[in-house]
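What follows is a short report on a single structure.
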Amino acid sequence: MAPVLPLALPLQPRIRLAQGLWLLSWLLALVGALTLLCSGHLLVQLWHLGTFLAPSCPVAALPQVALAASAVALGTGLVGSGASRASLDAAQYPPWRGVLGPLLVAGTAGGGGLLVLALGLALALPGTLDTGLEEGLGTALANYKDTEVPGRCQAKRLLDELQLRHHCCGRHGYKDWFGIQWVSSRYLDPNDQDVVDRIQSNVEGLYLIDGVPFSCCNPHSPRPCLQSQLSDPHAHPLFDPRQPNLNLWAQGCHEVLLGHLQGLSSTLGNMLAVTFLLQTLVLLGLRYLQTALEGLGGVIDGEGEAQGYLFPAGLKDMLKTAWLQGGVARRPAPEEAPPEDEPPKEGLPEA
Amino acid sequence: MALLKVKFDQKKRVKLAQGLWLMNWLSVLAGIIIFGLGLFLKIELRKRSDMMDNSESHFVPNSLIGMGVLSCVFNSLAGKICYDALDPAKYAKWKPWLKPYLAVCVLFNIVLFLVALCCFLLRGSLESTLAHGLKNGMKFYRDTDTPGRCFMKKTIDMLQIEFKCCGNNGFRDWFEIQWISNRYLDFSSKEVKDRIKSNVDGRYLVDGVPFSCCNPSSPRPCIQYQLTNNSAHYSYDHQTEELNLWVRGCRVALLSYYSNLMNSVGAVTLLVWLFEVTITVGLRYLHTALEGVANPEDPECESEGWLLEKSIPETWKAFLESVKKLGKGNQVEAEGVDAGQAPEAG
């Protein structure tokens, strides 16, 4: 039964390990806290943009898993700093002896699993974002005119505020507005010949115009905003639609939002990778420290040669011992049962 | 008769010194916060200085910054004094400086209170500066070709979008100025020529507003032009229409923003002032308690601490006497010097 990856740890290297571990643990706690804040920020941003993402898009999974993973990393960091501090002091170490083993298992399984899941989601996110935004923005543009329909009446305000805040217009450009009816039929004069002509000339009976809402206007333009008759070069003096100009926002909201959210999630992914690295180092260090101190019987300043290892034996040997131990534990069960019945009976008459 | 006498034994004195040491370091933190608030206020005023004709008064943020720095210096010094107060040897070297230091502290507290009061009173001057600045700003809205004023359009548009406001007092302010540059007017059009001729100053005035006045909460697409002409738009009555444009004027919006900011800063400054007064009072008690230790060889003895040695009118009389003596003292010295010089000359 040879221990896996043994490492000789006399007193001085053990102290050095504990001190280095203490530093690393505080660093892990700091990075965990920062990742927590970053995933919280991403969650808030996704919640704000909820109307523009298709409901079927499971985008919120990444920040939620990252939140859990960073909380576990923060906990691991705090536990690691406490344990490494205690391992330098003979009086403080005994309470940690029993707790450290299960904590290490929980940290590796829980933290490691969550981190790997979060990293995987961070890599897979951009694809789902693209389709989700495409669908969501398309629905939002179609619902712009439905300010009287319950459930959709906020679409106009939200889309206007999105275009004003993120400096974008339409899905991929301002011409997207030419293809949908964004003026509510309630405000169209049925007696106006121009309106009737437009509606009749359209196959689906939609009122389409070559104009955009006011939220597409760019304040940097030197002239007052031109919103209507954008395809007609003679409608406005000194304005030729073929020339690039500052009149409207040039970018489409799809590109802007995609870039914004992808930037946030890539930052989060980088921070998760750093957290993963630090957590692995801290857990390894704690394991070596724990096994070395167990070898000395919990005596901190013992000068003896202690050996730290990852596992007491190889995987096959461990499974064999676990199986044998389970069999031994099952046999004496009937003998143990009668003594268990007696103490409660004794306890009742006293009470 | 001493004012507010309190008996101190050794333990109480030590506790007082330790408590004061902690409070002084907390107060250094408070001083840093005041400094930060002053800096924040200064940056906010600079951000919108275009709207105030660059003539706004920076007195309040500058004084907050100064007070924050002074507070840090004084309180760290007081912390050092309190730390040394427990050691008679170290305390001996601070003893002669303590009385003037306490006088400076009292002066500092008075000035801090005045600065806190100024935070609440700045609103009045800001109102007139804003009204003036916004009026001029709107006049330069169309001058996007004039160097030095070409950013005014962008600034006003961003302001109206961010603060959800329109014009100086309301959207009708835009009807009275020409906000469309001549460069983009078609002078061959009859309508343009008529409008310009009908105006005394030859300006092109419209009953329309820029796009930044539009309210996104309106159920219909924004109506910007021909606002007073009901027949120009279907199902539109300009008397009852409220959601189309922002109703608030930008002067009121900016004023309420700055008032809220100043009020919170003023409240924080008042809290810090109360804290500083407590520290000064505690320091005075420590000073008089340590002075009152009758026997320097026996540190365990009891002593008394007070705020003022005599009652307030007696202290005021004594203060006036000492000021008179100072004046008389100079006179006596001058006479002595003259008398000394005269025999020499003679």
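The values are calculated or read from the model by the stated rules, or taken from the named source; none is laboratory data. Remember, predicted model here, so these are calculated numbers, not experimental data. Cβ placement follows ideal geometry from the backbone for every residue including glycine, while neighbour counts extend to all protein chains displayed.
Condition first: assigned to a helix (DSSP H, G or I) and surrounded by 14 or more Cβ atoms within 10 Å (Cβ to Cβ). Now tell me which residues in the stretch B:1-24 satisfy that.
The first filter runs over the stretch B:1-24 and keeps only residues assigned to a helix (DSSP H, G or I), leaving B:10-24.
Hits for the stretch B:1-24 are B:Gln10, B:Lys12, B:Arg13, B:Val14, B:Leu16, B:Ala17, B:Gln18, B:Gly19, B:Leu20, B:Trp21, B:Met23, B:Asn24.
Return the residues of the stretch A:125-144 that are surrounded by fewer than 14 Cβ atoms within 10 Å (Cβ to Cβ) and free of Cβ contacts under 8 Å to residues at least 24 places away in the same chain; say none if nothing qualifies. A:Gly127 - this is the single residue of the stretch A:125-144 that is surrounded by fewer than 14 Cβ atoms within 10 Å (Cβ to Cβ) and free of Cβ contacts under 8 Å to residues at least 24 places away in the same chain. Here B:Glu321 does not fit the description of being in contact with a strand residue (DSSP E or B) (Cβ under 8 Å, 6 or more places away or on another chain), of a type in the set (D, E, K, R) and surrounded by fewer than 18 Cβ atoms within 10 Å (Cβ to Cβ).
Candidates in the stretch A:149-168 are the residues that are in contact with a Ser or Thr (Cβ under 8 Å, 6 or more places away or on another chain) and outside any helix (DSSP H, G or I); of these, the one that is nearest to A:Ser215 (Cα to Cα) is A:Gln154.
Of the residues B:Ile65, B:Ile81, the single one that is part of a helix (DSSP H, G or I) and under 21 Å from the mean Cα position of the chain (by Cα) is B:Ile65.
Going through (1) over 41 Å from the mean Cα position of the chain (by Cα); (2) surrounded by fewer than 21 Cβ atoms within 10 Å (Cβ to Cβ); (3) modelled with pLDDT of 90 or more one by one, B:Leu227 falls short only on (2). Cβ separations smaller than 9 Å between residues 6+ apart or across chains give the following pairs from the stretch B:54-69 residues that are farther than 21 Å from B:Leu134 by Cβ and in contact (Cβ under 8 Å) with a residue 12 or more places away in the chain to residues that are assigned to a helix (DSSP H, G or I) and of a type in the set (S, T, N, Q): B:Leu64/B:Thr269; B:Met67/B:Thr269. Residues that are crowded, with 21+ Cβ neighbours inside 10 Å, within 14 Å of another protein chain (Cβ to nearest Cβ) and in a loop (DSSP other than H, G, I, E, B) do occur in the stretch A:206-218. Comparison of A:Thr275, A:Thr321, A:Thr291 shows that the only residue that is of a type outside the set (D, E, K, R), closer than 25 Å to A:Gly107 by Cβ, at pLDDT 75 or above and touching a Phe, Trp or Tyr at 6+ places or on another chain (Cβ under 7 Å) is A:Thr291. The set of residues in the stretch A:118-167 being acidic (Asp, Glu) and within 14 Å of chain B (Cβ to nearest Cβ) consists of A:Asp146, A:Glu148, A:Asp160, A:Glu161.
Taking A:Gln19, is it of a type in the set (S, T, N, Q), modelled with pLDDT of 90 or more and either under 26 Å from A:Glu161 (Cα atoms) or not assigned by the TED database to the domain that holds A:Gly113 (or both)? Working first, answer last.
On the way: of a type in the set (S, T, N, Q): yes; modelled with pLDDT of 90 or more: yes; either under 26 Å from A:Glu161 (Cα atoms) or not assigned by the TED database to the domain that holds A:Gly113 (or both): no.
Against the criterion (of a type in the set (S, T, N, Q), modelled with pLDDT of 90 or more and either under 26 Å from A:Glu161 (Cα atoms) or not assigned by the TED database to the domain that holds A:Gly113 (or both)), A:Gln19 does not qualify.
Among residues belonging to the stretch B:161-183 that are more than 9 Å from chain A (Cβ to nearest Cβ) and under 21 Å from A:Leu226 (Cβ atoms), point out the one that is farthest from the chain's Cα centre (by Cα).
The first filter runs over the stretch B:161-183 and keeps only residues more than 9 Å from chain A (Cβ to nearest Cβ), leaving B:162-178, B:182.
This time we only want the ones that are under 21 Å from A:Leu226 (Cβ atoms), so: B:166, B:171, B:174-175, B:177-178, B:182.
Details: B:Cys166: 28, B:Phe171: 32, B:Trp174: 33, B:Phe175: 36, B:Ile177: 35, B:Gln178: 37, B:Asn182: 43 Å.
Applying the filter and picking the extreme gives B:Asn182.
B:Gly170 - would you say it is out of contact with any helix residue (DSSP H, G or I) (no Cβ under 8 Å at 6 or more places or on another chain), in contact (Cβ under 8 Å) with a residue 40 or more places away in the chain and crowded, with 16+ Cβ neighbours inside 10 Å?
Values: out of contact with any helix residue (DSSP H, G or I) (no Cβ under 8 Å at 6 or more places or on another chain): yes; in contact (Cβ under 8 Å) with a residue 40 or more places away in the chain: yes; crowded, with 16+ Cβ neighbours inside 10 Å: yes.
Answer is yes for this residue.
A:Ala235 fulfils the conditions (1) of a type in the set (A, V, I, L, M); (2) over 20 Å from B:Gly208 (Cβ atoms); (3) within 11 Å of chain B (Cβ to nearest Cβ); (4) free of Cβ contacts under 8 Å to residues at least 40 places away in the same chain except for a single criterion, (2).
Selection of the stretch A:198-232 for residues being touching a helix residue (DSSP H, G or I) at 6+ places or on another chain (Cβ under 6 Å), free of Cβ contacts under 8 Å to residues at least 12 places away in the same chain and within 21 Å of B:Val192 (Cβ to Cβ) yields an empty set.
For the condition more than 12 Å from chain B (Cβ to nearest Cβ), out of contact with any Cys (no Cβ under 8 Å at 6 or more places or on another chain), loosely packed, with under 14 Cβ neighbours inside 10 Å and modelled with pLDDT under 90, A:Gln229 does not qualify. For the stretch B:172-216, give me each residue that is of a type in the set (Ser, Thr, Tyr) and more than 26 Å from A:Trp249 (Cα to Cα). Correct list: B:Ser188, B:Ser189, B:Ser198, B:Tyr204. Scanning the stretch A:181-205 for residues that are surrounded by 15 or more Cβ atoms within 10 Å (Cβ to Cβ) and part of a loop (DSSP other than H, G, I, E, B), we see that the one that is farthest from the other protein chains (Cβ to nearest Cβ) is A:Gln181.
Residue-wise test of (1) within 14 Å of chain A (Cβ to nearest Cβ); (2) free of Cβ contacts under 8 Å to residues at least 60 places away in the same chain.
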position: B:Ser217; (1), (2): yes, yes
position: B:Arg220; (1), (2): yes, yes
position: B:Ile223; (1), (2): yes, yes
position: B:Gln239; (1), (2): no, yes
position: B:Glu242; (1), (2): no, yes
position: B:Leu254; (1), (2): no, no
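Taking the numbered list (1) buried (at least 19 other Cβ atoms within 10 Å of the Cβ); (2) away from chain B (no Cβ under 13 Å) in turn, A:His260 passes all entries but (1).
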